[in-house]
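The values are calculated or read from the model by the stated rules, or taken from the named source; none is laboratory data. Keep in mind that this is a model prediction, so the values were computed, not measured. Reconstructed Cβ throughout: ideal geometry from the backbone, glycine too, with neighbour counts over all protein chains shown.
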Amino acid sequence: MEQDNIFFEFFEKYQDATRRISKKFWEIKRFGAPDAKLKERVYCYELYHQIRCMWKDSSDYVLHGEMDKIDHSILNGIPDFILHKPESMESNLAVIEVKHSDNSAITDDIVKLHNYMLTGRYTYSICHVFGTLSEKRLRSFIRILVPNQYFVYHNVKENEVRVLQIE
């Protein structure tokens, strides 16, 4: 029960932090390029910064970014963020993947997050997409979510944050 309270406190701050990300951290126009592009790494770094400013470590849980799990005995890959108690597989609270809306691997990330929940014993997962999605495409992701898995959509044009989950 305490774990749930910690997650939902974190998740509330997570959504607020998402709303605080300004355009200069997601739409980047490089010198000489004709158009601005959505930049996932820049967005993630700013999201991490905003979360850390808002969510004070009031527990033993730590938010880590890009924790390398490639040589891990159970897990594989590099999730964008994990909320956990280091050195313990019993206290993996949340795993998070962030993608821009033009990325074709969003569905793959939802499946990857589910696998982290199963093999890494993460209680919650968040698939976070920023950019613009059609309502039809947005709804298509809900069909593959599992319990305790959240889909956070940051519509950057409206600076609107929507949270979706299975009902």
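Odds and ends about this structure:
- Selection of the range 17-50 for residues being assigned to a loop (DSSP other than H, G, I, E, B) and not hydroxyl-bearing (Ser, Thr, Tyr) yields Arg20, Ile21, Trp26, Lys29, Arg30, Phe31, Gly32, Ala33, Pro34, Asp35, Ala36, Lys39.
- Pairs with Cβ under 9 Å, 6+ apart, first in the range 112-137 and farther than 13 Å from Glu97 by Cα and touching a residue at least 60 places away in the same chain (Cβ under 8 Å), second of a type in the set (D, E, K, R) and part of a strand (DSSP E or B): Gly131/Lys99
- Leu113 meets all of the listed conditions (1) closer than 24 Å to Ser22 by Cα; (2) touching an Asp or Glu at 6+ places or on another chain (Cβ under 8 Å) but one, namely (1).
- Qualifying residues in the range 3-44 (those that are of a type in the set (Phe, Trp, Tyr) and at pLDDT below 85) - the one surrounded by the most Cβ atoms within 10 Å (Cβ to Cβ): Trp26
- Lone qualifier among Val152, Val111 - being in contact with a Cys (Cβ under 8 Å, 6 or more places away or on another chain) and either among the β-branched types (Val, Ile, Thr) or farther than 19 Å from Tyr14 by Cβ (or both): Val152
- Of all residues in the range 79-92, those satisfying the criterion of being out of contact with any helix residue (DSSP H, G or I) (no Cβ under 9 Å at 6 or more places or on another chain), surrounded by 13 or more Cβ atoms within 10 Å (Cβ to Cβ) and modelled with pLDDT of 80 or more are His84, Lys85.
- The requirement of being under 17 Å from Cys44 (Cα atoms), touching a Cys at 6+ places or on another chain (Cβ under 7 Å) and modelled with pLDDT of 90 or more is not satisfied by Val129.
- Counting only residues that are hydroxyl-bearing (Ser, Thr, Tyr), surrounded by 17 or more Cβ atoms within 10 Å (Cβ to Cβ) and closer than 20 Å to Gln3 by Cβ, the range 97-122 holds 2 of them.
- Identity of the residue in the range 133-155, surrounded by fewer than 17 Cβ atoms within 10 Å (Cβ to Cβ) and among the hydroxyl-bearing types (Ser, Thr, Tyr), that ends up farthest from Lys85 (Cα to Cα): Ser134
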